[in-house]
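All remarks here apply to the structure that follows.
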Amino acid sequence: MSQRGSRRLRSRRGLIILAVIAITVLIGRIIWVNGVFSSAPLGFWGTCKPAAALPGVEDIATADDLAFVSVASAREPDTRDGIYLLAGDRLTKLAGAPKDFHPRGIGLYRSPDGSGIFLMAVNRRSSGRFSVDSFEVTNPKTNPALVAQGTIEGGLLTDPQDVAAAGPGAFYVSNNSAKQSIVKWLVSLGVLPGSDILYFNGMSFQPVAEDVYGARGLLLTPDGNHLLVASLTTRSLKSFTRDMFGGKLTENQSLTLPAAPEKITLDPQGSVWVAGHANLLKWRDFAADPARRSPSQIFRVNLLSGVAQDAAQVYGNDGSQIAAASVAAAVGKHLLVGSSLDGKLLDCAAR
């Protein structure tokens, strides 16, 4: 064999080895992101009881001892969809929402003196169009109702998931930006990022964080300096430092979780509550077939200077009590657990 032929052979071997390594790394990432061999540790030091049967619980936002529950089935629109108020054992659907209202994520904003409560909701209409609708909650403890404040639409809202209120007319939205079917499939596997974070400054939308992997739940820290993002396909809780004036975001640090997170909530003590899925393949199977129950996991995460430090599992179930939990929120001594795919809201109390 000539020297030139030998070099070509070595070059081909090198390319084959590199291709094999790249494919192995890619397959390993897909297995890890989707939790193919992962399972949810079971257990909860307390008791849970059904609080309500609902089409699906998309999100929960709390104010003092009140819990606002975003209700909409992830499978199809339902006439019971809307925003509910849970006060003690009483669950009330709030009047004042638009007729075609199927809320996903919700964000809560309080007036500077604490007396006013305002909600923002990602609305997926029956037509498939999206908007962010804002409301004032009137008489929350005596005769609660929603009073519409405005509706924001825009071409950048391709598939919004959650909203974090940053002021009376400003908010962040996690948004799936992939449009082509093959790209969406690669995004779902965690091969491509496929999400961005949009900021609405009261006038227009602008992307402030792009190429985010599987952005789902959003949470603005109480001081307003950090935005937390639940990244489904990096199985992590990401922290972004926020420009208070322009809304721009700078990625800070992230905490890897034992599950793929969906929605996130904050309790009065400053802990973050995260609902996640150990195995995304089982989660997708349950989305396709309600008989194939998917496990539920709930974590409590501690923050330090707006950055997630550690996570401890508080609740784990094989799906028999509630399947594919998508949100959890602490209200007083109770933990509320809901699922967008399972028609249940649980009220859990620690022993």
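Which of (1) in contact with an Asp or Glu (Cβ under 6 Å, 6 or more places away or on another chain); (2) without any contact (Cβ under 8 Å) to a residue 12 or more places away in the chain; (3) acidic (Asp, Glu) is the odd one out, the single condition ASP243 does not satisfy?
Answer for ASP243: the failing condition is (1).
Would you mind finding the one in GLY154, GLY190 that is more than 20 Å from the chain's Cα centre (by Cα) and over 22 Å from SER73 (Cα atoms)?
GLY154
Consider VAL314 carefully, then state whether it is surrounded by fewer than 21 Cβ atoms within 10 Å (Cβ to Cβ) and among the β-branched types (Val, Ile, Thr).
Numbers: surrounded by fewer than 21 Cβ atoms within 10 Å (Cβ to Cβ): no; among the β-branched types (Val, Ile, Thr): yes.
No, not satisfied.
If we keep just the residues of segment 320-336 that are touching a Ser or Thr at 6+ places or on another chain (Cβ under 6 Å) and modelled with pLDDT of 95 or more, which is surrounded by the most Cβ atoms within 10 Å (Cβ to Cβ)?
Step by step, filter segment 320-336, then rank; the result is ALA325.
Listed here are the residues, each with its yes/no results for (1) basic (Lys, Arg); (2) surrounded by fewer than 22 Cβ atoms within 10 Å (Cβ to Cβ); (3) at pLDDT 95 or above.
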site	(1), (2), (3)
THR241	no, yes, yes
GLN253	no, yes, no
PRO261	no, no, yes
VAL272	no, no, yes
LYS282	yes, no, yes
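Checking ALA312 against (1) small (Gly, Ala, Ser); (2) in a strand (DSSP E or B); (3) in contact (Cβ under 8 Å) with a residue 24 or more places away in the chain, only one condition comes out false. Which one?
(3)
Select the strands (runs of 3 or more DSSP E) contained entirely in segment 240-301, then report the ones holding at least 1 residues which are of a type in the set (S, T, N, Q) and out of contact with any helix residue (DSSP H, G or I) (no Cβ under 6 Å at 6 or more places or on another chain).
249-256, 260-266
Taking PHE286 and the conditions (1) among the hydrophobic types (A, V, I, L, M, F, W, C); (2) under 21 Å from THR233 (Cβ atoms); (3) touching a strand residue (DSSP E or B) at 6+ places or on another chain (Cβ under 7 Å), which numbered condition does it fall short on, given that it satisfies the others?
(3)
Do you know which of the residues in segment 30-39 that are touching a residue at least 24 places away in the same chain (Cβ under 8 Å) and not aromatic (Phe, Trp, Tyr) is farthest from VAL187 (Cα to Cα)?
SER39
Is it the case, given these coordinates, that VAL163 is under 29 Å from ASP65 (Cβ atoms) and either surrounded by 15 or more Cβ atoms within 10 Å (Cβ to Cβ) or not charged (D, E, K, R) (or both)?
On the way: under 29 Å from ASP65 (Cβ atoms): yes; either surrounded by 15 or more Cβ atoms within 10 Å (Cβ to Cβ) or not charged (D, E, K, R) (or both): yes.
Judged against the criteria, VAL163 is a match.
Within segment 45-69, take every residue that is in contact with a Gly (Cβ under 7 Å, 6 or more places away or on another chain) and part of a loop (DSSP other than H, G, I, E, B) and give me the one that is nearest to PRO222 (Cα to Cα).
ASP65
Six or more apart or on different chains, Cβ under 9 Å: which pairs go from a residue in segment 9-29 that's part of a helix (DSSP H, G or I) to one that's modelled with pLDDT under 80 and not acidic (Asp, Glu)? Could you list them?
LEU9/MET1
Among the residues that make up segment 337-344, is at least one of them assigned to a strand (DSSP E or B), out of contact with any Pro (no Cβ under 7 Å at 6 or more places or on another chain) and either closer than 30 Å to ASP243 by Cβ or at pLDDT 95 or above (or both)?
yes
Sort out which residues of segment 77-96 are crowded, with 19+ Cβ neighbours inside 10 Å and β-branched (Val, Ile, Thr), and write them in order of number.
Of all residues in segment 77-96, those crowded, with 19+ Cβ neighbours inside 10 Å come to 81-86, 94.
Across segment 77-96, the qualifying residue is only ILE83.
Looking at (1) more than 30 Å from GLN269 (Cβ to Cβ); (2) buried (at least 18 other Cβ atoms within 10 Å of the Cβ), can you tell me which one LYS99 breaks?
(2)
When you check GLN149 against the structure, is it of a type in the set (S, T, N, Q) and either farther than 19 Å from THR62 by Cα or assigned to a loop (DSSP other than H, G, I, E, B) (or both), yes or no?
Yes; evaluated as a whole, the condition is true for this residue.
Looking only at segment 137-147, decide whether some residue is in contact (Cβ under 8 Å) with a residue 60 or more places away in the chain and over 19 Å from GLY116 (Cβ atoms). Show your work before the answer.
In the first step, residues of segment 137-147 are kept if they are in contact (Cβ under 8 Å) with a residue 60 or more places away in the chain; the result is 137, 140-141, 146.
Subset that is over 19 Å from GLY116 (Cβ atoms): none.
No: segment 137-147 contains no residue that is in contact (Cβ under 8 Å) with a residue 60 or more places away in the chain and over 19 Å from GLY116 (Cβ atoms).
Is one or more of the residues making up segment 170-185 buried (at least 22 other Cβ atoms within 10 Å of the Cβ), aliphatic (A, V, I, L, M) and more than 27 Å from THR234 (Cα to Cα)?
no
Is it true that THR221 is crowded, with 24+ Cβ neighbours inside 10 Å and either more than 18 Å from ASP342 (Cα to Cα) or of a type outside the set (Asp, Glu) (or both)?
no
Identify, please: which residue in segment 158-215 is part of a loop (DSSP other than H, G, I, E, B) and hydroxyl-bearing (Ser, Thr, Tyr) and is, among those, nearest to ARG29 (Cα to Cα)?
From segment 158-215, those part of a loop (DSSP other than H, G, I, E, B) are 158-159, 166-170, 177-180, 190-193, 201-204, 214; that's our starting set.
If we keep only those that are hydroxyl-bearing (Ser, Thr, Tyr) too, we end up with 158, 177, 204.
Values: THR158: 26, SER177: 21, SER204: 36 Å.
Only one residue tops the list, namely SER177.
Could you list all residues from segment 102-129 that are in a strand (DSSP E or B) and exposed (fewer than 15 other Cβ atoms within 10 Å of the Cβ)?
So in segment 102-129, the residues in a strand (DSSP E or B) come out as 103-110, 117-124.
Selection gives ARG110 alone.
The values are calculated or read from the model by the stated rules, or taken from the named source; none is laboratory data. Predicted, not measured: the structure shown is a model, and the values here were computed from it. Glycine gets a Cβ as well: all are built from the backbone with ideal geometry, and neighbour counts include every protein chain shown.
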